[in-house]
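Every number in this text was worked out from the coordinates using simple rules, so none of it is lab data. Here the structure is a predicted model, which means the values were calculated and not measured. Counting neighbours? That spans all protein chains shown, and the Cβs are built from the backbone with ideal geometry, glycine included.
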Ligand code: SAM
Ligand code: SF4
C-alpha cells in the first residue's frame, strides 16, 4: 500500500469506541461529543474482516485505541480474533481498568502497551481528565511493568499546567523501565487548542538540558517510522521521547492509516476527509478499491496543513473530528 509520495503503509490503528471513562480536556469538548448510533459502529466480526483485508494488503502492525478500548464489552473476542492475524498487535489505554485484562492481554500476545498519564499530581490529573482516577492509573502502570509489558507513557504537555513536571516525569524513568513520551498538544475539533498552550520539542529539550548535564542525555537511535525522538538519561532504566507533530512533523516516514469506530478510513490524523468502509462492506461490495483511493489521496504533510500558519487556523480544525472519535 504505497501512496503517491512513495510511503508504504504497514500500520493500522483501529478505534474500538467513541466512548471513554475519562474526559481529557485536550481530547474532547466539555459538553461531550455526538456519539454514533450503536448500529453504525463496527461489530467485532466487521472489525476482524476489515483488519484481515488490510493485512492482506500489507499491514503488519495493528494498534487498538479509542476512546477507551478496554470499555468495549467484547474486547476479549476482538483481541482473540485479531491475534489470529499475522500482525504485531498492541493497544493504547488510559489504564483505569487495565488490571482486569492482564491475562487476556498476555494470552493474546500483546507485549507493548501505551498508557496516557499527564501528571504525577493527583489534583492535576483530576483537572485534566475530569475524573479522580490517578491512583488506579499509577498502580496499574506499575502492575503492567511487573507483568513484563513494554510500557510507553504518553504525556500531553500544556504550558503553565504540567510543563513544570517534565523533570519529575523523566526522573520516573530512573528506576522504572518505561518510556515517557512527551507529546506536543495538537489541535482537534472542540479542544480549545492554542499555539501558546503548546510546549514545543525545543522547549522540552531546553528544560532538560538545563537540569541534566549535556553528557548525561544520550540520544538513542529511533526505530524506522518512529514518530518520536528518543533519549535516555545515562544509567536510567527507562527512556524518554518527544513526539513533535506540531513543530517538527514526521510525515515523510508516515506508514499509518486509521479506522474509526464507525468504520471510516482516515488516511491521516489531520485529514478532513474520510472513506466509508463500513457502508461499503455492509452493502456486500469490496472495500479494497476504497482503501486504494484513500491512500492515493493522502497529502504529503498533516492532511494538507503543511505550514504552521495553516495549522493555526481554527476553521481547519473543525473540519476534523475530536480526537476521542478519531483514535489517537
Ligand atoms: N483512551 C486511550 C488513552 O488515553 O490512551 C486511547 C485513546 S487517546 C485518544 C490516544 C492518545 O491520544 C492519548 O495518549 C492522548 O494523550 C492522545 N491525545 C488526545 N488528544 C490529544 C491532543 N490534542 N494532542 C496530543 N495528543 C492527544
Ligand atoms: Fe479518553 Fe484517552 Fe481521550 Fe483521555 S485521551 S478522554 S482517556 S480517549
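Would you please classify the overall shape of the range 126-265 from the alpha carbon gyration tensor, given that a ≥ b ≥ c denote the square roots of the eigenvalues, rounded means a/c under 1.5, and beyond that prolate means a/b larger than b/c while oblate covers the rest?
rounded
7 Å from Cα along Cα→Cβ at both residue 292 and residue 73: what's the point-to-point distance in nm?
Distance between label points: 3.9 nm.
Hey, how many Å between the Cα centroid of the range 262-328 and the Cα centroid of the range 85-150?
Using only Cα atoms to place each centre, the spacing works out to 27 Å.
Test of understanding: what is the full-extension gain from residue 308 to residue 250, defined as 0.36 nm times their sequence separation minus their Cα-Cα distance?
Result: 19.5 nm gained on full extension.
By the gyration tensor of its Cα atoms, with a ≥ b ≥ c the square roots of the eigenvalues, what is the shape of the range 149-220: rounded for a/c under 1.5, prolate for a/b over b/c, or oblate?
oblate
If you average the C-alpha positions of the range 1-66 and of the range 197-250 separately, how far apart do those two centres end up, in angstrom?
28 Å
Taking a ≥ b ≥ c as the square roots of the Cα gyration tensor eigenvalues, with a/c under 1.5 meaning rounded and otherwise prolate when a/b beats b/c, else oblate, which class fits the range 1-154?
Verdict is prolate for the range 1-154.
Residues of the range 225-258 with backbone nitrogen within less than 11 Å of a virtual label 7 Å along the Cα-to-Cβ line of residue 218, please, listed as ranges.
Residues 231-239 fall inside that zone.
By how many nm would the segment from residue 276 to residue 130 lengthen if fully extended, with 0.36 nm per residue of separation less the alpha-carbon distance?
Result: 49.3 nm gained on full extension.
What do you get for the angle between helix 201-211 and the principal long axis of the chain? Use alpha-carbon atoms, 0 to 90 degrees, nearest ten.
The helix 201-211 is inclined about 30 degrees to the chain.
State, as an integer percentage, the relative contact order of the chain based on alpha-carbon contacts under 8 Å between residues 6 or more apart.
Relative contact order here is 22 percent.
Determine the relative contact order of the range 181-328: mean sequence separation of Cα pairs under 8 Å and six or more apart, normalised by residue count, in whole percent.
Dividing the mean separation by the residue count of the range 181-328 yields 25 percent.
In nm, to one decimal, how far is the modelled label at residue 143 from the one at residue 4, with both set 7 Å along Cα→Cβ?
Going from the residue 143 label point to the residue 4 one covers 4.9 nm.
Work out the FRET efficiency for residue 235 and residue 112 from their Cβ-Cβ distance, taking R0 = 25 Å, and round it to the nearest 0.05.
That gives a FRET efficiency of 0.60.
Mind computing the radius of gyration and Dmax over the alpha-carbon atoms of the chain? Å is fine for both.
Answer for the chain, Rg first and Dmax second: 19.1, 61 Å.
Residue separation times 0.36 nm, minus the C-alpha to C-alpha distance between residue 84 and residue 36: what's the value?
14.4 nm
Which order do 42, 195, 186 fall in if you start with the one that has the fewest other Cβ atoms within 10 Å?
195, 186, 42
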